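Q: Starting off with a structure, shown below.
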Amino acid sequence: MNHFKKRIIFLSIFLLINLTLAGCWDTNEPERMVYVHGLGVDYEDDKYNVYLQIVNPSLLAKSEASGGETDVKVVVGRGTGETINEAIFDVYRSSQRNIFWGHLSFIVFSENVLKKKNGLKATVDLIDRYRETRYKILMYSTKEPLFQLLTALPPLEMSTALSRLSDPNATYRQSSLIRSISLRELLIGLNEPPHVVAIPYVGLTKKHAWETDKKQIQTIEAIGVSFITNSALKETFNIEEVEGLKWMNEDLTREDLRLRNDLSNISVLIDNIKIKKKLFIKNEKIHFKITIEVLAKLREIVQKERLNKIERETENLLKSQIHQTFLTGLKNNLDLYRLSEVLYRKDIKEWQAIEHNGKIPLTEDGIEIFTHVKLINGEKQRRNPTLE
């Protein structure tokens, strides 16, 4: 009898414990929440304005499942406050559901907030502290109205999760024009010499417009690069002003180069690049030797030409663009190629002796550039044009 009572007591306790473990009373059901996909930050009239691009997974699933047009559109909420946090809580007051930040994919900073002292720092500090956000969030700058930018939809009724801002690698693998940068990379770059980081500068298409069978649409494109410190915006350049920047990117995947002069009808495709940066002392000053090794493919040719001439012209053009971008940086007191970090890694004592705010003094003749190009194939044809 005593044994039977003990079993009853044991089973009763076991069932009570299981009941408490199985309880999910404090959880939020996914379909009852909305998700922040993108964040825009602006500063105007002495106040911060935040723009939350909201995504509802159930609506996205509906859009992807149905093959035709739907009523699903992106939703952007706006809040205003004297601080970033106050502006976000202003959005909460009008939100109809609980807002979840764990799927935040990108942040777009207006030029106004980047020019404001500590505008970037305030945003990054808040995002980095919050438990739901991650370090994979991508960083962008713009001068476009943030409402227009964040409501620009990808063509063909694609999900907003496949936009240029949230999924830049899809196009980067085809044209490595400007490299995206995550929150993690931003923090590392700002904490290491020269304490300046390049982030993509984006805008809405104007001359490169897309059209459907019903209307013309605007999409988002990368139009330049912004260089920022932890406190303010240093300078923004259009792509044409810093063409050499992409050739100093070791992560370059695929990019086109059209030759000039008498070979202007020839284009080569560069999809393999190796970069070496070495420093040496010359006339008691620090100089840098930059060596670029490139494997290229003949992409476009309309008349016969010697391959070694194409290689030489490609080398000269690469060298010219890299050097011209370096000079652009000097004019704006910027170390665009992060050469200060090279010295910091190789000889920290020498770096400490000459650095100022993390940057070392650079001169026009402070770099020597060597380029080596090898044409490895011409895709379907190597030497001759298709039509002769």
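The values are calculated or read from the model by the stated rules, or taken from the named source; none is laboratory data. These figures come from a predicted structure and were not determined experimentally. Cβ coordinates were reconstructed from backbone atoms using ideal geometry, including for glycine residues, and neighbour counts include every protein chain displayed. Heavy atoms of the whole protein, side chains included, go into the accessibility calculation; ligands, DNA and RNA do not. Shrake-Rupley method; radii C 1.70, N 1.55, O 1.52, S 1.80 Å.
Q: Starting at the first residue of the stretch 217-232, write each ³J(HN,Hα) from the Karplus equation 6.51 cos²θ - 1.76 cosθ + 1.60 with θ = phi - 60°, in whole Hz, x for Gly and Pro.
A: Coupling constants for the stretch 217-232: 10, 9, 10, 9, 9, 7, 10, x, 9, 10, 9, 10, 9, 6, 10, 6 Hz.
Q: Can I ask one more? Return the carbon/sulfur percentage of the accessible area of the stretch 144-213, one whole number, probe 1.4 Å, all protein chains in place.
A: 54
Q: I want to verify a result. In a Gaussian network model of the chain, Cα cutoff 10 Å, which of these has the top mean-square fluctuation: Ile181, Ile54, Ile376?
A: Comparing Ile181, Ile54, Ile376 in a Gaussian network model of the chain, the most mobile one is Ile376.
Q: Using protein chains only and a probe of 1.4 angstrom, how many square angstrom of Asp167 are accessible, to the nearest 10?
A: Probe radius 1.4 Å; accessible area of Asp167 about 60 Å².
Q: Trypsin sites (Lys or Arg not before Pro) within the stretch 205-273: which are DSSP loop residues with at most 13 other Cβ atoms inside 10 Å?
A: For trypsin sites (Lys or Arg not before Pro) across the stretch 205-273 that sit outside H, G, I, E and B with at most 13 neighbouring Cβ atoms in 10 Å, the list reads Lys206, Lys207, Lys214, Lys215, Arg260.
Q: With θ taken as phi - 60° and the coefficients 6.51, -1.76 and 1.60, list the Karplus ³J(HN,Hα) couplings across the stretch 353-360 in order, rounded to whole Hz; mark glycine and proline as x.
A: 6, 10, 6, 9, 6, x, 9, 9
Q: Report, in order of residue number, the helices in the chain meeting two criteria: a C-alpha extent of 24 Å or more along the helix axis, and a mean Kyte-Doolittle hydropathy of at least -1.0; treat each whole DSSP H run as one helix.
A: Membrane-span-like by this criterion, though nothing is claimed about a membrane: 2-21, 307-331.
Q: Students often get this wrong, so try it: which of (1) 22.5; (2) 24.4; (3) 21.9 is Kirkwood radius over Cα pairs in Å as calculated from the structure shown?
A: Looking at Kirkwood radius over Cα pairs in Å for this model, the match is (2).
Q: Can you flag which of Lys207/Lys277; Lys276/Lys304; Lys143/Lys282; Lys207/Lys304; Lys246/Lys346; Lys206/Lys278 are past 31 Å Cα-Cα?
A: From Lys207/Lys277; Lys276/Lys304; Lys143/Lys282; Lys207/Lys304; Lys246/Lys346; Lys206/Lys278, over 31 Å: Lys207/Lys277; Lys276/Lys304; Lys143/Lys282; Lys207/Lys304; Lys206/Lys278.
Q: Accessible area per residue for the chain in Å², computed with a 1.4 Å probe and the full protein assembly in place, what is it?
A: Accessible area per residue: 58 Å².
Q: Further, regarding this structure: How high is the FRET efficiency from Trp210 to Glu241, r the C-beta distance, R0 22 Å, rounded to 0.05?
A: E between Trp210 and Glu241, to the nearest 0.05, is 0.30.
Q: Given R₀ = 41 Å, FRET efficiency for Leu16-Ile188 by Cβ-Cβ distance, to 0.05?
A: So the FRET efficiency works out to roughly 0.20.
Q: Short version: ³J(HN,Hα) in whole Hz for each residue of the stretch 35-46, in order, from phi by Karplus 6.51 cos²θ - 1.76 cosθ + 1.60 (θ = phi - 60°), x for Gly and Pro, what are they?
A: 10, 6, 9, x, 10, x, 10, 10, 9, 8, 6, 6
Q: Taking the chain as a Gaussian network, where each spring joins two C-alpha atoms under 10 Å apart, which residue of Gly102, Gly203, Gly119 fluctuates the most?
A: Sorting by GNM fluctuation, first place goes to Gly102.
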